[in-house]
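Enquirer: Have a look at the structure that comes next, please.
Where a number appears in this text, it was derived from the coordinates with a stated rule and is not lab data. It should be emphasised that the depicted structure is a prediction, and the values quoted were computed from it without experimental measurement. With ideal geometry, Cβ positions are generated from the backbone for all residues, glycine too; neighbour counts draw on all protein chains shown.
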DNA sequence: TATATTCGTTCAGCGCCCAAACATACTCGT
DNA sequence: ACGAGTATGTTTGGGCGCTGAACGAATATA
């Protein structure tokens, strides 16, 4: 939930050490106040002061500015609940700011508008196999979706603070280039630049580009409602199996943006050969292909969430072969999760992608394996739960990314309209 | 090398968000200046200003205070190397502060004094099997070593800023209690409190207690001289195999202080049964016991670095059985390292403990396995190297821990003598 | 010797937080 | 009904730390 002394910027992290001055103090304390109002529900100024440790005077001036910026609103006098002058409650103003998210995937794209409270206010999707289509064709259509989303936000009266784009591949964060997207067959596509050039309406300035797994993990972190769990691993299942590692509220992308390749952990050395060259990779014995094959499901698309629909039907009616297949996948997954837990000691594992709907059948075998393999299982009970955001985690994370920057620096830019 | 905007305190990390005021600005900038002087060698005030982005005026006042605190010294006028008035060079004063470290292990204890530059200025060790001995007996003797170290620091004119204690077991950082040390047979020992009560001389106030693997990783990070690598994994070999994970200059202890249990990663499902209950754990096929057994070495102690001496002798003369044993361990280790790299995308792996002296024989088979199993191996070359600090990594990390706190807040406490 | 250049210091100015005092609004007791 | 008590929100003076510009100092160049 809360990070270090000064909340690090989500997208642009200048790791070069910078000098600090009073304006940073203001920035930090403004973020602190806003976070307090956001997290601890409606509160009076005095309670915010007590909660943050700031003076009432300081909170007063900061709140004034936050109200002027449209991020916080006074909810009128609270019903007097004791002696003394009752305070005026402050609350986050959800429509005070919003973000637009775009996810480009192999089986279609989605765009959405998310407000400051993390609520999805607009959503538009196009399905269809994108493999083999040129970047130009895809991005042109995607830009139309973003246009619509920006317009929808305008109609809702929500000022858009930025646009996040999630893509299935390796991303150069600094240059904002999609270096490699194997499933799309793209290399070195300047996604942000190209999208902008196809824009019809005027788009707000900050745009961020990131890998979809990363943004999905961030989405879970930011709006997934984990309560206090700021360390978790999001295990995403599809044809491949990936993981987004969040420790102490920080996503770990790895030194070069690789990482999270849970799928190629060795689980069964005598298992089938993997496309990576090794044997017994987790994704060979827990990925979508394996499950469908084992379960005897043949009449299904080979990717995406639609692929599990027929499987779910069989599971629901108790098809033994299907149940056994998923159980076996759950056990394999347990080996991977056990490794994660042994290495990171995370207390929460979130199952996303196709694993989310399969959770009821995966849960028990997975836990059993983890219990057997994790040294500290007795002391540190592991929470395993399905993704709260489901398939939309990445879009939501993308849309919310600019809002995180805003929350970290609420008074940095100009104010906004009502 | 450099972390986020405000360097987080190493030992006590108050994760509750705090308000910030001008004193934090000062703290941060003082740390920035000191870090600049430390890292970028002797520099004039003006160059420090240019390098940090602060004003010359600000740097001037901060440097005055750092000199008053004894942490920085003027090295006289530099040889004029161009037009304009030459600047007076500033340098870190190594004897401006020091830390005392104590490591308690199964096969003895070590105490040392480390100065601000990371140089070991005093070292005293006692060998001997500590298993089964009572905490009281051990801690009483250990306190004597610390007494000596404190006295030695005094004789050297180095003001001691704190004492770090490394123990082989599970530590409660907040309560400073050693919860469980299986190899020593201890439970719930208030190490810091007890040590203090046995002290003869006066010990400086901050004492920190941590797991030896964690402190070894921090030692490598702080004084191991990695250059710019602030993300790495320290793989420590002994009877067990542990890992210290450092990402972006931050050590990850895990939610509850477990974690880094690389030894119980599954490597060979059909392998021997492990004491943890599972089969094929890494430490069963790469740990000290396995290597010695496989190599046919019987006349050796069962733990510590002494245990590898006879093995090293055989390796040096090309004993085939020994070479094969280590090679096999290297391959198993490669599987574990590959998993680490896949999950974290670290670019550096440091081999410590018994793996450090065995590095020349482990390196090649380990790399081969990693190359085969890691997806991104082609793009992201992995650096594997032996620990720079060797067996003393944990003591050095322990001794340096208080100094990290000092570097993060150089003007927090009182000044010191010359 | 005069000028340009760089270094280090000094001095107002400003922004921010804090502490304390003040005005406000409501409850409680008589 | 009315004052005492309590909690909220605002105003004011003070301190601290950074900035920017100006100034003396030390050296190279013309």
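Enquirer: What is the distance in Å between the Cα centroid of segment B:27-60 and that of segment B:142-178?
Expert: Comparing the Cα centres of segment B:27-60 and segment B:142-178, I get a distance of 31 Å.
Enquirer: Averaging the inverse of every distinct alpha carbon separation and then flipping it gives the Kirkwood radius. What is it for segment A:22-92, in angstrom units?
Expert: By the Kirkwood definition, the hydrodynamic radius is 12.2 Å.
Enquirer: A follow-up question, please. So, in nm, how far is label residue A:55 from label residue B:298 when the simple model puts each one 7 Å beyond its Cα toward the Cβ?
Expert: For residue A:55 paired with residue B:298, the spin-label model returns 7.9 nm.
Enquirer: Further question: Pull up the DSSP beta bridges for the protein assembly as shown and report the antiparallel fraction as a percent, rounded to 5.
Expert: 65
Enquirer: Label position 7 Å from Cα toward Cβ: report the copy-to-copy distances for residue B:183 in nm, one decimal, ordered from shortest.
Expert: Once sorted, the set of distances for residue B:183 reads 4.5 nm.
Enquirer: Specify the angular offset, from 0 to 90 degrees and rounded to the nearest 10, of the alpha carbon long axis of helix A:320-344 from the longest principal axis of the alpha carbons in chain A.
Expert: With both axes taken from Cα atoms, the answer is about 50 degrees.
Enquirer: Under the rule a/c < 1.5 gives rounded, and otherwise a/b versus b/c splits prolate from oblate, where does segment B:229-387 land using the Cα gyration tensor?
Expert: prolate
Enquirer: If a/c stays under 1.5 just call it rounded; otherwise compare a/b with b/c (prolate if a/b is bigger, oblate if not). Do that for segment B:308-391, with a ≥ b ≥ c from the square roots of the Cα gyration tensor eigenvalues.
Expert: prolate
Enquirer: Also, I was wondering about something else. With chain B treated as a Gaussian network of Cα nodes joined by springs under 10 Å, which of B:209, B:315, B:34 yields the largest mean-square fluctuation?
Expert: Of B:209, B:315, B:34, the Gaussian network model singles out B:315 as fluctuating most.
Enquirer: Once the label point is set 7 Å along the Cα-to-beta-carbon vector, what list of distances in nm do you get between residue B:202 and its counterparts in the other copies?
Expert: Label-point distances to the other copies, shortest first: 6.9 nm.
Enquirer: Under a GNM of chain A (C-alpha, springs under 10 Å), which listed residue has the highest mean-square fluctuation: A:365, A:17, A:182?
Expert: A:17
Enquirer: With each run of n ≥ 4 DSSP H residues scored as -39500 (n - 2.57), what mean residue ellipticity at 222 nm is computed for chain B after dividing by its residue count and rounding to the nearest 500 deg cm²/dmol?
Expert: -12500 deg cm²/dmol
Enquirer: Between B:57, B:152, B:307, where does the largest GNM mean-square fluctuation fall for chain B, given springs only between Cα atoms within less than 10 Å?
Expert: Evaluated over chain B, the most mobile residue of the options is B:57.
Enquirer: According to the square roots a ≥ b ≥ c of the eigenvalues of the Cα gyration tensor, what is the shape class of the protein assembly as shown, taking rounded for a/c under 1.5, prolate for a/b larger than b/c otherwise, and oblate for the remainder?
Expert: Oblate shape, in that a/c is at least 1.5 and b/c is the bigger or equal ratio.
Enquirer: Summarise the partner chain shielding of B:330-340 as one whole number: the mean count of Cβ atoms from other chains within 10 Å of each residue's Cβ.
Expert: 2
Enquirer: Another one. For residue B:124 and residue B:173, what is the calculated FRET efficiency with R₀ set at 35 Å and r taken between the beta-carbons, to the nearest 0.05?
Expert: According to the calculation, E is roughly 0.85.
Enquirer: Can you give the % of DSSP beta bridges in chain A that are antiparallel, to the nearest 5?
Expert: The antiparallel proportion sits near 65 percent.
Enquirer: Here is a follow-up. Measure out, as a whole number of angstrom, how far apart the alpha-carbon centroids of segment B:322-347 and segment A:261-293 sit.
Expert: 19
Enquirer: Helix A:135-155 versus the longest principal axis of chain A: what angle, 0 to 90°, nearest 10, using Cα atoms?
Expert: 40
Enquirer: Average partner chain C-beta neighbours within 10 Å, per residue of B:343-355?
Expert: Mean partner shielding for this stretch: 4.
Enquirer: Using alpha carbons only, how many degrees (0 to 90, rounded to 10) separate the axis of helix A:393-408 from the longest principal axis of chain A?
Expert: Rounded to the nearest ten degrees, it is 30.
Enquirer: Taking the label point as lying 7 angstrom from Cα along the Cα-to-Cβ axis, what are the distances from residue A:40 to the corresponding position in the remaining copies, in ascending order and in nanometres?
Expert: Result for residue A:40, in nm, nearest copy first: 4.1.
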